[in-house]
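Below is one structure, written out as C-alpha cells; comments come after it.
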C-alpha cells in the first residue's frame, strides 16, 4: 500500500529531529517537513489551514475549539513547554512586585498568546492581579503592527488597546510609555541592558521551581494538530502521529543523557538534566492525556476565566479519540 504524502510543519527541536532525519518514521506516511518558526506555523495554520500536520498554539487551538470552527484535531504531543515567570519584563523603576502591575499598562504581542495566558494565570492565582486590573496594549515586540492571528471578543471589563502606530512594544517599554511586557521572547531593550528594564521575578528559575513544587504544573505551550478532514477520512493518522512523536522524544532524551560528549552546545548539561529530574520527575516532559490532565484542566480554566474561550472545555474535547489512550505491551 502506498504511503500518504503529507505536509508537516513543526519546529526544529531535539525532540523532533529524529523525525526530520528519518531515524523515526510516521507509520503509513511520507512526510514533507517544513521547519518553521512557531509564529509562522500558527498564522498559516489558523488563518488558512495550510498544513496536514502542524505544531499549534494551545491557546489558539482552545479558542477555535470553543467556537466549534477548528480545522485541526489535537494530538497530545506537547512540543513546547515552558515556565513563564521569565516572560514578564517590567520597568524596574516603578514595578517592584507583582501587585504593582495593578492599574498599569502591559504590552502583549497578542492577548490570546499561550505564554500570556499562563503568565496572567500566575499573576491572578499567586499574586491577586486579575486581567481586569491591567490595561493590555497589543503590538509587535520588535515590528509594529502585529494583530491577533484569531480575532478575539473580550468581556467589556477587560481593557485591550492597540499600540501606537509605528511603535513596537520594546520601544514603548524602554521609553516608559508602558509599564511591562509579557512575551515569550526577550525584548531587545532587555537584551541590551536598557536602564530600568528587567524581569518582574529577579530569579525566575527559583520562582518557577517554587510554583512547580506548589502546583505540580509544568506549563504546556504547543500541541500537535492533524487536519480534521484528514483525520475523518483516515482515522488511523492521529494515533500514528502520536506514536512517532513519542518515539522521537524518547530518542532525544537518550541522547541528552549520554554524557560521553555533550549533545547540546551548553556547559553543565548533565547537571541541569539531573536538577530537572530531581524537581519534575524522571518523565519530566510527558506526552499523552493522562499525565497532563491537571496541567490542561488548569489551562482551560484560566483560558475561560480570561475571557478567551466562550465556554469551559473538557480536556477530551481537544484531542482525537484515538489518542486518548495508547496500546501497551
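Below, the figures for the structure above:
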quantity	calculated
Whole-number D in µm²/s for the stretch 164-248 (Stokes-Einstein; Kirkwood sum over Cα pairs; 10 °C, 1.306 mPa s)	93
Percent of alpha-carbon pairs separated by more than 27 Å within the chain	46
Using alpha-carbon coordinates, inclination of helix 58-67 to the longest axis of the chain, degrees	80
Contact order normalised by residue count of the stretch 142-295, Cα under 8 Å, 6+ apart, percent	15
Neighbour-count ranking [beta-carbon atoms within 10 angstrom, fewest first] of 108, 73	73, 108
Rg(Cα) / (2.2 N^0.38 Å) computed for the stretch 89-157, rounded to two decimals	1.12
Between 0 and 90°, nearest 10: helix 269-280 axis offset from the chain longest Cα axis	80
Distance in nm between pseudo-label sites at residue 317 and residue 293 (7 Å out along the Cβ direction from Cα)	1.8
Translational diffusion of the stretch 51-99, µm² s⁻¹ [Kirkwood Rh, Cα pairs; Stokes-Einstein; 20 °C; 1.002 mPa s]	153
Surface/4 estimate of mean projected area, convex hull on alpha-carbon atoms of the stretch 54-135, nm²	6.4
For 72, 111, order by how many other beta-carbon atoms lie within 10 Å, fewest first	111, 72
Using alpha carbons only: equivalent-ellipsoid semi-axes of the stretch 85-215, gyration tensor based, whole Å	21, 18, 13
The stretch 225-241 and the stretch 266-319: distance between their alpha carbon centers, rounded to Å	23
Kirkwood Rh (inverse of mean 1/r, distinct Cα pairs), the stretch 210-329, angstrom	16.9
Percent antiparallel among DSSP beta bridges (both partners in the chain, rounded to 5)	45
Compactness index (Cα Rg / 2.2 N^0.38 Å), the stretch 1-43	1.22
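Coordinate-derived values only; no laboratory data. Only a predicted model underlies this, so the values are computations on that prediction, with no experimental measurement involved. Note that each Cβ is placed from the backbone with ideal geometry, even for glycine, and that neighbours are counted across all protein chains shown.
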